[in-house]
Amino acid sequence: MNAETPMAPANSAKAAKANILQGINAAIADAMEEDENVIALGEDLADPEEGGVCGVTKGLSSRFGEHRVRSTPISEQAIIGAAIGASLVGFKPIAEIMLMNFTTVAMDMIVNHAAKLRFMSGGQTHVPIVIRTMTGTGFASGGQHCDYLEAWFAHTAGIKVVAPSSPQDAYGLMRSAIDDPDPVLFIENLPTYWSPAEAPEKGHRVPIGKANVLSEGSDVTIIAYARMIQEATPAVAKLREAGISAELIDLRTIAPWDQETVVKSVAKTGRAIIVHEAVTPFGAGAEIAAVLNEQLFGRLKAPVKRLGGAFCPVPFSKPLETAFAPQTADIVAAAEALIKS
Amino acid sequence: MSNRATPDAATQIEIYRRMALIKANDERSRKVIMNGRLVMPYYSPRGQEVIPSAISVNLSDEDYICTIYRGSHDQLAKGLPLKDLWAEVAGRTTGTCKGKGGPMHVTYPTKGIMVTTGIVGSTMPIANGLAWGSQLRGDGRVTVASFGDGAANIGAFHESLNLAAVWKLPVIFVCQNNEWGEHTAYDKTSNVKVADRAAAYGMPGVRVDGNDPFEMYAVANEAIARARAGEGPTLIEAMTYRFFGHVFGDADAYMDKARKADAMANDPVPRFRAKLIETGVATEGQLAKMEAAIEKDIDEAVEFALASDFPGVEELKRDVFAEEMA
């Protein structure tokens with residue numbers, strides 16, 4: 001994984017390009033510049049340790065000091081615990097759990113404490129932390145380094161879950177996550193860190209809970225997030241060639257998800273496909289499908305379709321790994337099947 | 001030992017007042033449950049009164065504590081008002097957490113009671129964060145993390161002590177070793193003293209008689225001074241004994257009867273009371289008056305709590321997030 005130099009944070013021309021990694025870096029830097037209570041911690045986070053294994057936080061400790069940007073021992077419970085404690089007394093900690101699978105060893109801190117202290121204290125305390133974590137198939141890392149576990153957290157009252165798919169959304173959602181008075185799990189997709197797109201504008205915010213309609217259509221709604229946007233975007237083009245008009249919604253926030261935008265779209269198209277890399281059973285797609293059925297029963301032209309990862313641990317062998325997650329062709333085929341049904 | 005801090009007469013009396021408050025509150029709690037006036041999970045701190053009383057007189061309201069489900073002694077010693085406690089454990093809207101936390105989650109930031117957790121071992125990681133905040137601000141505050149001997153065997157103990165030592169955090173880890181982790185005796189779960197584990201992290205570790213107010217005061221005073229001076233954390237293993245079973249209603253058949261009888265015969269509360277009178281620090285009349293005032297305060301708190309309203313169901317949607325849920 002080659003770390004790149006973060007983009008110049010200020011006054012970037014609107015046409016300038018940036019990648020997701022740079023968008024996240026710039027958002028944290030701008031927030032730290034504006035508010036001394038914004039602090040960051042995690043494994044390898046500071047510059048002597050290369051600013052994170054992928055360099056997402058490169059430059060931050062040199063600029064803001066290692067007292068505010070701290071590399072930690074490999075101690076996920078201690079990382080989240082320290083973030084929680086500091087947040088209780090007015091800090092806005094950004095804690096990195098290097099890989100999403102490693103959140104498993106910090107689940108007590110995240111689920112029993114970060115998510116619940118506001119409620120259990122009757123609102124006397126709250127936990128404004130951001131938990132950054134990366135994941136995603138594509139780098140042949142096998143069964144313990146690339147799971148999408150967002151449904152676990154979306155199933156927990158008291159924590160918000162976001163997963164940006166572009167540099168602008170990465171910047172804007174990170175700024176909103178830092179602003180947010182409650183814990184936010186910020187999911188970063190590893191294979192798409194370096195995909196260039198339009199650079200974000202300084203200070204830009206993407207509201208948590210607001211989906212983005214990437215392309216409008218009338219026959220079928222495709223609801224996706226994170227890397228699945230990169231699979232769904234060409235699917236929309238291919239469907240157009242086949243005479244099918246697909247609307248593509250980037251959910252951006254998984255919890256609380258934008259029911260209004262999604263329901264409105266599916267009310268229009270009458271068909272829905274939910275695409276995520278997480279395994280299908282009990283995934284976010286199941287929740288979205290249930291709400292669509294509750295709200296649009298009788299108006300749906302076809303059953304809501306879910307496309308998710310195969311229900312197995314992520315395999316290592318390349319053909320298996322590729323087959324594990326939904327691909328453009330799967331989305332096209334699912335849409336065509338819905339139209340025919 | 002001669003250069004160790006000794007509590008002056010007024011401080012000794014204050015330590016005793018906190019101990020007497022904890023003991024009286026525990027006795028009342030058990031009575032109110034037995035009488036059927038209140039249903040709650042209750043983890044008696046009886047027998048462990050000295051530890052938080054002798055520690056907390058070294059703390060200010062600005063210092064933080066994190067404690068556990070067996071935590072009413074820590075909370076009361078740190079200054080939690082009785083009415084706020086009783087209304088909370090009764091699940092009433094006048095409770096410190098509006099009745100939404102209950103006995104295992106009492107929170108009262110006004111007095112630095114930041115977290116009470118029902119998860120064994122989870123005070124320590126969060127205490128580090130509070131202490132990190134103090135270190136960043138240079139505000140001179142310290143954080144005390146309380147936990148039991150059972151928690152010394154959970155992974156969070158290792159992660160937290162290591163991080164605190166590496167970062168030199170102003171935190172004091174207080175293991176209240178009451179010899180029991182739920183139903184299992186400490187000597188069945190560890191081959192070493194908890195205090196000896198401190199050496200593995202490069203921090204001082206002290207085992208102290210947690211039922212001796214003078215010893216407990218001196219050790220706490222030194223650890224707190226170290227933390228305030230920026231010299232880093234200390235692990236204190238305060239030896240004590242849990243008078244009752246793990247949770248109220250537990251018949252404690254697993255506890256050795258002779259050992260328990262011995263511990264109760266050496267009840268630290270009347271022992272310290274007698275000492276205060278014997279050494280002329282306080283008179284019988286003075287302490288009796290103090291105890292009567294405590295009983296009256298508890299009477300008022302219980303009645304206040306039981307007369308208070310339960311929270312409305314709209315509270316299910318509040319405090320999940322800052323914004324009320326739809």
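Just a few scattered comments:
- Only one entry in B:164, B:218, B:198, B:185 is among the aliphatic types (A, V, I, L, M) and within 22 Å of residue A:106 (Cα to Cα), namely B:164.
- Checking each residue in the range B:122-147 for being more than 7 Å from chain A (Cβ to nearest Cβ), buried (at least 24 other Cβ atoms within 10 Å of the Cβ) and either in a loop (DSSP other than H, G, I, E, B) or not aliphatic (A, V, I, L, M) (or both) picks out B:123, B:134, B:142, B:143, B:146, B:147.
- Near pairs, Cβ below 9 angstrom, 6+ apart or cross-chain, from the range A:217-234 (outside the structural domain of residue A:166 (by TED's automatic domain parsing)) to any residue that is at pLDDT below 95: A:230/A:195
- The lone exception for residue B:100 - which of (1) surrounded by fewer than 21 Cβ atoms within 10 Å (Cβ to Cβ); (2) at the interface with chain A (Cβ under 7 Å from one of its Cβ atoms); (3) of a type outside the set (Phe, Trp, Tyr); (4) closer than 18 Å to residue A:118 by Cβ it fails: (1)
- Residue identified as surrounded by fewer than 23 Cβ atoms within 10 Å (Cβ to Cβ), over 16 Å from residue B:107 (Cβ atoms), more than 13 Å from chain B (Cβ to nearest Cβ) and out of contact with any Gly (no Cβ under 6 Å at 6 or more places or on another chain) among A:136, A:143: A:143
- Taken over the range A:113-133, the criterion of being among the hydroxyl-bearing types (Ser, Thr, Tyr) and within 11 Å of chain B (Cβ to nearest Cβ) is satisfied by A:121, A:125.
- Selected residue (only one of B:53, B:44 is more than 8 Å from chain A (Cβ to nearest Cβ), touching a helix residue (DSSP H, G or I) at 6+ places or on another chain (Cβ under 9 Å), surrounded by fewer than 24 Cβ atoms within 10 Å (Cβ to Cβ) and within 24 Å of residue B:211 (Cα to Cα)): B:44
- For the range A:93-112, residues that are within 12 Å of another protein chain (Cβ to nearest Cβ), touching a helix residue (DSSP H, G or I) at 6+ places or on another chain (Cβ under 6 Å) and surrounded by fewer than 24 Cβ atoms within 10 Å (Cβ to Cβ) total 1.
- Those residues of the range A:293-341 which are over 17 Å from residue A:278 (Cα atoms) and in contact with a Ser or Thr (Cβ under 9 Å, 6 or more places away or on another chain), in sequence order: A:301, A:302, A:303
- The condition (being polar (S, T, N, Q) and farther than 26 Å from residue B:95 by Cβ) is satisfied by just one residue among A:176, A:121: A:176.
- Of the set (1) of a type in the set (D, E, K, R); (2) more than 18 Å from residue B:212 (Cα to Cα); (3) in contact with a strand residue (DSSP E or B) (Cβ under 6 Å, 6 or more places away or on another chain), all apply to residue B:257 but (3).
- Any hit, the range A:2-23, residues being assigned to a helix (DSSP H, G or I), under 23 Å from residue B:129 (Cβ atoms) and at pLDDT 95 or above: no
- The residue list B:211, B:221 contains one member that is polar (S, T, N, Q) and assigned to a loop (DSSP other than H, G, I, E, B), which is B:211.
- The criterion of being surrounded by fewer than 22 Cβ atoms within 10 Å (Cβ to Cβ) and hydrophobic (A, V, I, L, M, F, W, C) does not hold for residue A:235.
The values are calculated or read from the model by the stated rules, or taken from the named source; none is laboratory data. Note that this is a predicted model, so its numbers are computed, not measured. Cβ atoms come from the backbone with ideal geometry, glycine included; neighbour counts cover every protein chain shown.
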